[in-house]
Amino acid sequence: MSDQDEERKTPGSEASPGDRPEAGGRPAPRDDADARLRAELNDDAPPITLTPNQAKRASSTARGMLIATGATIAVVLPVYFLNPTYTAETYQRNIDVETIARQAAGDAGYLPAAPALPDDWSSNYARWVTGRSDGVDFWEVGYLTADTGFIQLTQTDDANPTWTAQRVGDAQVSGTRTIGGLEWELLDAPNGDTALTADVDGSTVILNGEASLTEFDTMGEAVIEDVRQNAVEEAERLSSADTEGS
């Protein structure tokens, strides 16, 4: 055996099947994978660099995002801190309805109703509404019931069918209900609310909201009693004024 033959057969000199090129001279798939792996693990690979224009654009974009975020925070924070957090107590405030009713009496021409209700009821607003396009001024009070229901009281001495229909909205007549000796028209709204309307000694009274019929009865009886009491007091006041003027 010649020396050349020995050199060809030295250990490690023979190509393994995976190292042999494929037919046509292309490297085997394993060679491609190994090459990619070595490239990824090569610590000496050059870092990715941006051109000056690319770096400028990236910097401008980041700066714009920071400015926009800062502007948004500057707008939102004052609004957040200026508006109190709403809790159950926020809506449980108890308005002095009687005092506000007496203040509104001069504009109304009568003393609006401020019914005496159970202690565990409360009012969250009371107002005299005027200056509307329909020309009907009215007294409006919101009450929270003991069972977390809500009933709105509306009273006016200048009602008309159009105004009344607008106040009850899409509620439909479902019957009548006797409260405090008066017959009230009972209406049911699609959203589950209840409405009751009646003429109480010359005043149109509307009760509407989401509460039990028992609570509507309590409200209706108290309103009737208060409206009648106010009428008696007004008659006495006018009589006294006539006597003093004569």
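Okay, here's what the table says:
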read-out: Residue within region 177-184 that is over 19 Å from Asp157 (Cβ atoms), crowded, with 20+ Cβ neighbours inside 10 Å and either at pLDDT 95 or above or in contact with a Ser or Thr (Cβ under 7 Å, 6 or more places away or on another chain) (or both) present; value: yes
read-out: Region 154-177 - residue that is part of a loop (DSSP other than H, G, I, E, B) and among the hydrophobic types (A, V, I, L, M, F, W, C) and, of those, nearest to Phe138 (Cα to Cα); value: Ala159
read-out: Region 47-98, subset part of a helix (DSSP H, G or I), surrounded by 10 or more Cβ atoms within 10 Å (Cβ to Cβ) and among the charged types (D, E, K, R), residue modelled with the lowest pLDDT; value: Lys56
read-out: Top-ranked residue of region 146-163 - restricted to ones that are at pLDDT 95 or above and of a type in the set (Val, Ile, Thr), ranked as nearest to the chain's Cα centre (by Cα); value: Ile151
read-out: Qualifying residue in region 139-146 (condition: within 16 Å of Gly220 (Cα to Cα) and part of a loop (DSSP other than H, G, I, E, B)); value: yes
read-out: Residue selected from region 99-144 under the condition within 30 Å of the chain's Cα centre (by Cα) and among the acidic types (Asp, Glu), by the criterion modelled with the lowest pLDDT; value: Asp134
read-out: Members of region 190-226 found to be outside any strand (DSSP E or B), of a type in the set (Gly, Ala, Ser) and at pLDDT 95 or above, listed by number; value: Ala211, Ser212, Gly220, Ala222
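The values are calculated or read from the model by the stated rules, or taken from the named source; none is laboratory data. As the structure is a prediction and not an experimental result, all values here were calculated from the model. Heads up, the Cβs are rebuilt from the backbone with ideal geometry, glycines too, and the neighbour counts pull from every protein chain shown.
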